[in-house]
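Just so you know, all these numbers are worked out from the coordinates, no wet-lab data involved. The structure displayed is predicted, hence computed values, not measured ones. Here the Cβ positions follow ideal geometry from the backbone for every residue, glycine too, while neighbour counts run over all protein chains shown.
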Amino acid sequence: MVRVHDSYWTHACDVDKMNRILRENFVELYNMPILENLLEGFQTTYPGLAFPPLPKRGDFDLQKVLESPYFFN
């Protein structure tokens with residue numbers, strides 16, 4: 001599998017494998033506290049600034065991405 005920014009390509013025989021890998025990595029990435037870490041970094045770097053509160057998290061189950069037929073086409 002090869003990628004450039006948000007474009008991915010692979011041999012036709014590996015498309016199912018690529019789809020699985022992309023889904024698994026998406027779930028892994030978005031299970032991390034990305035916004036919380038970003039805010040903490042900003043607060044550390046710019047202690048004199050006030051930042052707005054983070055938006056509330058929704059209740060979407062990221063595990064559903066693993067079975068979504070239209071996650072990646």
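When the range 43-59 is examined, which residues are found to be surrounded by 10 or more Cβ atoms within 10 Å (Cβ to Cβ) and under 15 Å from PRO33 (Cα atoms)? Working first, answer last.
Initially, the range 43-59 is screened for residues surrounded by 10 or more Cβ atoms within 10 Å (Cβ to Cβ), giving 43, 46, 51, 54.
LEU54, the sole residue that qualifies.
Those residues that are in contact with a Phe, Trp or Tyr (Cβ under 8 Å, 6 or more places away or on another chain) and farther than 28 Å from ASN25 by Cβ, I need them from the range 44-73; list them, please.
LEU49, PHE51
Restricting attention to the range 15-72, which residues are part of a helix (DSSP H, G or I) and touching a Lys or Arg at 6+ places or on another chain (Cβ under 7 Å)?
To start, the set of residues in the range 15-72 that are part of a helix (DSSP H, G or I) comprises 15-30, 34-45, 62-67.
Scanning the range 15-72 gives VAL65, LEU66.
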